[in-house]
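> One structure is given below, represented as structure tokens, and several questions about it will come after.
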Amino acid sequence: MDGIVQGVGFRPFVFRLAGECGLAGFVNNGSDGVTIEVEGAPARVEAFRDRLSSECPPLARVVEMCHQEIQPVGDLKFSIKLSDPAAEATTLISPDVTVCDDCLREMLDPADRRFRYPFINCTNCGPRYTIVEGIPYDRPLTSMKVFPMCQPCAEEYHDPADRRFHAQPNACPACGPSLSLRDKNGNLHESDDPLSEAVNLLRHGYILALRGVGGFHLAVEAGNDAAVRELRRRKGRAEKPFALMVRDVASAEKLCHIDESEKTALLSRQRPIVLLRARKPRLLPESIAPGNRFLGVMLPYTPLHHLLLQSEFDALVMTSGNFSEEPIAFGNDEALQRLAPLADFFLLHDREILQRCDDSIVRVAIGEPRVIRRSRGYVPEPVFLLQGVTQPILACGGELKNTIALARGRAVFLSQHIGNLDNPSALAFFEHSISHLQEILRIQPELLAHDMHPEYLSTKWAVQQRLPKIAVQHHHAHLAAVMAENGVTEPTIGLILDGTGYGTDGTIWGGEVLVGDAAGFERFAWLEPVPLPGGAAAIKQPWRMALSCLEHAYGKACESLDLPFLRNRGSEETAVVLQMIRKRLNAPLTSSCGRIFDAIAALIDLRGEVTFEAQAAIELEMCVDPSEDTIYARAISAANERDAISVAELVRSVVSDLRVGLSQSRISARFHRSLVEMFVQAAIASRQQTGINRVGLSGGVYQNSFFFDLMQRRLCESGFEVLTHRQVPTNDGGLALGQVAIAAASSGSPRS
Ligand code: ZN
Ligand code: ZN
Ligand code: FE
């Protein structure tokens, strides 16, 4: 058998099952997976086999199971064989797992020796990936090594019949980690019960830095508007939504609409943040997620979270412990330093976090959960390829929402969310993640894949490495990622709608119809490029993009258009930007799809400047009136179906609607529907030419639920087979998977 079978109670489970079935034999971890030999009456062996798959412990992920008959050897009892270290190396380390029901029950039982103990865990639950420093996964190579087990804990640990048999983080109040409370100057608050004190502080509106599994959270009581606003001010986060932690599903239902798949996602053992539609009127302050129809909600996943929320709060704001976009803080001293300007108090613990890991984010679209940020709870569980790679590969990912990947055989191990590689601490995190994953997975890459963009820090790092390497076009990687995730290797039409990525012609791409596979692609069609005036400045100021689109659609005449968004800008400012556009001064051409969303949001005077990535596009989605179903027929027929897809008529249609006073909500809906139709037409044209009937959807734009739903539906109605992302993010967090697939396809002739 092959799969995640370590630290998840698989061997003790087999041991118990064999005992119950009255069989002799052994279980053993080998380099090719787990081997079980049993001997006994055929009916008993049969029962054993059935129960092996039906009663498998919750955390064991069995990828493949096969069996054969052998001669009985006359074993009298069943045993767990010691594994040899070489074999241990290939066994997978489990992700961190939410506290299980058995542990919760014990924690709330006044008679239990772990009553209210915030670090309770067992073989089925608790921290894993974040406490491991090396392999084999054994207590001396985890951050539990400084806590020698007391007698009762050691007995549990060594008893194959116990739920805590070989549970490496096993601990109790007598021998394990403990909590402490400090103020922002680092002074210890002497207290028998730091937890109750922390609860009190939260009730009084203080900002609490809270050490968790993969790093620190900053917490405030969600109902306290003043505290939420103060947290925004200190964190330098003006409007980007904050996540909530709520007590249970019932509390979540008070705040949000929840369907069955969303409930399943909330309760899954990964316990991600799930994006849910907020109920109206809002029960909690608007400042938690200004202007957003969705709330990011998670359930408690550590014993400590349960203790905090169980009796005290319905909801806490729980946002990552960092300033702005820096990596999340995870060490005590580091947090006391970095978070002192942000938090009033610190609830610390002394079980060191060895790997930083942010909360994961999931949303349900078209009835299925889709991971938007793949981190805690998922990492280091691999994504499996249909065909294995012939040599170990390291993929360096992109620049924003960076993740890296290591591949061996069929398994691709994506790292946790590393984030935006635009600050030195993120780069250090990037390098650490690569070396740590190489170490615990024992993968020594022989081939390296990186983005084509010469300025990405991941590219700059990659070119310094002495390994054969391949530069991968950004949107080709997106296409390869969605194909790999769906186990497709035959040529596919990719509707890759994205922010920005470096194109093979040196311009900035992002609205691409690509046809190809991992080995190569043809650029069948793309959004007609428009200048991006000021480069990065245009991304922060979508009104520049709106002006660029107007100039593109009207030429000189755009100056006489009397539009509200222009009235609010000084004429000097617009004149300067128009100069940049016309003279192409610091105004690179881009076919980005994300920038078109920006432009329309600014054009209809919804959002001219942003405080976080994709804010304008998100607000454009949020204001859609779904009952508006007009499409701009002229814009679609004028768009061209291959080569450059013209957006000029689309812009003119929006402007004329604006002039007759159509609402932002209705214009937004018409724009969304028309853009979908333009790409559906391009896909149909591509099918006519190539005979390919399969479309892959990838790129950051598909985080827009309305757009994604509509695109998927319209493509299905047009007879296409549609590939979408589920396990890996559709944004650049999934890029490394595509880079792996492309590197593997090229590995016959790697470039150096
Ligand atoms: Zn447990
Ligand atoms: Zn103990
Ligand atoms: Fe991208």
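> Can you list the residues of region 217-244 with backbone N under 16 Å from a point 7 Å past the Cα of Glu609, pointing along Cα to Cβ?
Answer for this model: 237-240.
> Which of rounded, prolate or oblate describes region 471-538 when judged by the alpha-carbon gyration tensor and an a/c cut-off of 1.5?
Working: a/c = 2.38, a/b = 2.15, b/c = 1.11.
Judged from the Cα gyration tensor, region 471-538 comes out prolate (a/c at least 1.5, a/b above b/c).
> While we're here: So, counting K/R as plus one and D/E as minus one, what does the shell of residues with Cβ under 11 Å around Val680 add up to? Spell out each step's value before the answer.
On the way: positive: Arg673, Arg687, Arg713, Arg714; negative: Glu641, Glu677, Glu717.
Summing Lys/Arg as +1 and Asp/Glu as -1 gives +1.
> Give the Cα extents of the chain along the principal axes, in whole Å, largest first.
Result for the chain: principal-axis Cα extents of 90, 63, 49 Å.
> State the antiparallel share, in %, of DSSP beta bridges confined to the chain, rounding to the nearest 5. List each step's numbers first, then the result.
Details: 69 of 99 bridges.
Counting DSSP beta bridges with both partners in the chain, the antiparallel share is about 70 percent.
> Give the peptides 416-427, 660-671 in descending order of average Cβ contacts within 10 Å, highest first. Working shown, then result.
Numbers: 416-427: 19.7, 660-671: 18.1.
By packing density, highest mean first, the sequence is 416-427, 660-671.
> If you put +1 on each Lys and Arg Cβ and -1 on each Asp and Glu Cβ, how big is the dipole of region 179-361 around its Cα centre, in Debye rounded to 20? Intermediate results must be reported in sequence, preceding the final value.
Details: 24 positive and 26 negative charges, 143 e Å.
Computed about the Cα centre, the dipole is about 680 debye.
> What does the charge add up to near Gly699, with Lys and Arg as +1, Asp and Glu as -1, over the other residues with Cβ less than 11 Å from its Cβ? Before the final figure, lay out the partial values.
On the way: positive: none; negative: Asp498, Glu512, Asp732.
With Lys, Arg at +1 and Asp, Glu at -1, the neighbours total -3.
> Using only C-alpha positions, report the orientation-averaged shadow area of the convex hull of region 123-196, nm², one decimal. Display every interim value, and only then the final one.
Values: hull surface 26.1 nm².
Spelled out: convex hull of the Cα atoms, projected over all directions, averaged, 6.5 nm².
> Would you mind getting the accessible area per residue of the chain, heavy atoms of the protein chains only, 1.4 Å probe, in Å²? Each step should come with its number before you reach the end.
Details: 28700 Å² over 752 residues.
For the chain, the solvent-accessible area averages 38 Å² per residue.
> For region 412-519, go through all pairs of different Cα atoms, get the mean of 1/r, take its inverse, and jot down that Kirkwood value in Å.
Numbers: mean 1/r = 0.0651 Å⁻¹.
Here the Kirkwood hydrodynamic radius works out to 15.4 Å.
> Here is a further query. Which GluC sites (Glu not before Pro) does region 591-627 hold that lie in a coil by DSSP with at most 15 other beta carbons within 10 Å?
Filter output for region 591-627: Glu609.
> Which whole-number percent of Cα pairs in region 234-307 have a distance greater than 16 Å? Can you show the working numbers first?
Numbers: 1268 of 2701 pairs.
Summing the P(r) of region 234-307 above 16 Å gives 47 percent of all pairs.
> Something else now. Just how large is the dipole of region 526-723 about the Cα centre, in debye to the nearest 20, putting +1 at every Lys and Arg Cβ and -1 at every Asp and Glu Cβ? Mind showing how you got there, number by number?
On the way: 21 positive and 23 negative charges, 86 e Å.
For this selection, approximately 420 debye.
> Once the Cα atoms of helix 594-603 and of the chain are each reduced to a long axis, what angle between those two axes, in degrees from 0 to 90 to the nearest 10, is obtained?
On a 0 to 90 degree scale, this one is about 50.
> In whole angstrom, how far apart do the alpha carbon centroids of region 444-502 and region 293-325 sit?
35 Å
> At 1.4 Å probe size, put Tyr206, Tyr502 in order of accessible surface, largest to smallest.
Working: Tyr206 95, Tyr502 65 Å².
Largest accessible area first, the residues go Tyr206, Tyr502.
> Evaluate the relative contact order of region 526-723 (contact order divided by residue number), counting alpha-carbon pairs under 8 angstrom at least 6 apart; express in whole percent.
Values: 282 pairs, mean separation 43.6, N = 198.
The value is 22 percent.
> Moving on. For region 179-361, report the convex hull volume of the alpha-carbon atoms normalised per residue, in Å³, without decimals. Please report the intermediate quantities before stating the final value.
Numbers: hull volume 19.2 nm³, N = 183.
Cα convex hull per residue, to the nearest whole number: 105 Å³.
> Report the Cα centroid-to-centroid distance between region 515-550 and region 393-434 in angstrom, as an integer.
With region 515-550 and region 393-434 each reduced to a Cα centre, they are spaced 25 Å.
> Measure of size requested: the Rg and Dmax of region 485-629, with Cα atoms as the atom set and Å as the unit; please supply both.
According to the Cα coordinates of region 485-629, Rg and Dmax are 16.7, 54 Å.
> Positive end of the charge dipole of the chain (Lys, Arg +1 and Asp, Glu -1 on Cβ, about the Cα centre): tell me which of Val362, Leu606, Met245 has its Cα farthest that way.
Leu606
> Quick check: net charge around Ile596, other residues with Cβ under 12 Å of its Cβ, Lys/Arg +1 and Asp/Glu -1? It would help to have the intermediate numbers written out before the result.
Working: positive: Arg595; negative: Asp498, Glu528, Asp598.
Surrounding charge for Ile596 is -2.
> Same structure again: Please give the helix 571-583 orientation as an angle from the longest Cα principal axis of the chain, in degrees from 0 to 90, rounded to the nearest 10.
90 degrees
> Right, another one. Return the loop-located trypsin sites (Lys or Arg not before Pro) in region 544-587 (DSSP other than H, G, I, E, B) with at most 12 other Cβ atoms within 10 Å of their own Cβ; answer none if there are none. Walk me through the numbers before you get to the answer.
On the way: sites: Arg544, Lys556, Arg567, Arg569, Arg582, Lys583, Arg584; in loops: Arg569, Arg584.
Counting only loop positions with at most 12 other Cβ atoms within 10 Å, the trypsin sites (Lys or Arg not before Pro) in region 544-587 are Arg584.
> Using only alpha carbon pairs under 8 Å that are at least six residues apart, calculate the relative contact order of the chain and give it in whole percent.
Values: 1685 pairs, mean separation 86.7, N = 752.
Relative contact order for the chain comes out at 12 percent.
> Which percent of the Cα-Cα distances in region 590-652 go past 19 Å?
Values: 796 of 1953 pairs.
Cα-Cα pairs in region 590-652 separated by more than 19 Å: 41 percent.
> Strictly greater than 23 Å: what percent of every Cα pair in region 591-749 meets that? Could the numbers behind the result be given before it?
Values: 5403 of 12561 pairs.
For region 591-749, the fraction of Cα-Cα distances above 23 Å is 43 percent.
> Just to confirm my numbers, what's the Cα centroid distance between region 125-204 and region 671-716 in Å?
Here the answer is 50 Å between Cα centres.
> State the percentage of accessible surface on the chain attributable to carbon and sulfur atoms; use a 1.4 Å probe and exclude ligands, DNA and RNA. Write out the running numbers ahead of the final one.
Values: 14440 of 28700 Å².
Accessible surface attributable to carbon and sulfur in the chain totals 50 percent.
> Further, regarding this structure: Calculate, in nm to one decimal, what Ser261 and Glu239 gain on full extension: separation in residues at 0.36 nm each, minus their alpha carbon distance.
Working: separation 22, 0.36 × 22 = 7.92 nm, distance 2.82 nm.
Gain on stretching Ser261 to Glu239: 5.1 nm.
> Which of the listed residues, Ser663, Gln703, Asn486, is farthest toward the dipole's positive end in the chain, when Lys, Arg count +1 and Asp, Glu count -1 at the beta-carbon?
Checking the options against the dipole of the chain, the answer is Ser663.
> Relative contact order for region 555-625 using alpha-carbon pairs under 8 Å, separation at least 6, rounded to a whole percent?
Numbers: 37 pairs, mean separation 18.1, N = 71.
Once divided by the residue count of region 555-625, the mean separation gives 25 percent.
The values are calculated or read from the model by the stated rules, or taken from the named source; none is laboratory data. Worth saying up front: this structure is predicted, and the values here are computed from it rather than measured. For neighbour counting, all protein chains shown are included, and Cβ atoms are generated from backbone atoms with ideal geometry for every residue, glycine included. Ligands, DNA and RNA are excluded from the accessible area calculation, which covers all protein heavy atoms including side chains. Shrake-Rupley method; radii C 1.70, N 1.55, O 1.52, S 1.80 Å.
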